[in-house]
1. Suppose we filter segment 59-83 for residues that are over 19 Å from residue 117 (Cα atoms) and assigned to a helix (DSSP H, G or I); how many remain?
2. Determine if segment 38-50 includes at least one residue that is under 19 Å from residue 89 (Cα atoms), modelled with pLDDT of 70 or more and assigned to a helix (DSSP H, G or I).
3. Please verify whether segment 86-101 includes one or more residues that are surrounded by fewer than 12 Cβ atoms within 10 Å (Cβ to Cβ) and out of contact with any strand residue (DSSP E or B) (no Cβ under 9 Å at 6 or more places or on another chain).
4. Return yes or no: is residue 117 modelled with pLDDT under 95 and on the phi > 0 side of the Ramachandran plot?
């Protein structure tokens, strides 16, 4: 197995075969409709303009964590800076936290009492 991994990293191995992979059934992790609501949700949002920020801010004010895809904003520096300013203000307003991830493609904004560690676990 270790030889297989090393060969793969060094480019010596052949293409992986279908039986080299394991199928993950993530459907079993989907929440069913009969479960009780959670006290905190992790929401995913995409921002393409300034008009998308009020919905994100509402989610944070409601106590949810929001992962925001800001990649589309990189094309418009003014809008990019304004959206980030708004998100920083809401994080400060609720005594939450905000951090950029993935070469600043994503921003994670948390509500009160949720802080984001800047220490990476494992990997490089």
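The values are calculated or read from the model by the stated rules, or taken from the named source; none is laboratory data. Owing to the predicted nature of the structure, the values given are computational and were not obtained by experimental measurement. Reconstructed Cβ throughout: ideal geometry from the backbone, glycine too, with neighbour counts over all protein chains shown.
1. 14
2. The answer is yes; a qualifying residue exists.
3. No - not one qualifying residue is present in segment 86-101.
4. On the way: modelled with pLDDT under 95: yes; on the phi > 0 side of the Ramachandran plot: no.
It is false that residue 117 is modelled with pLDDT under 95 and on the phi > 0 side of the Ramachandran plot.
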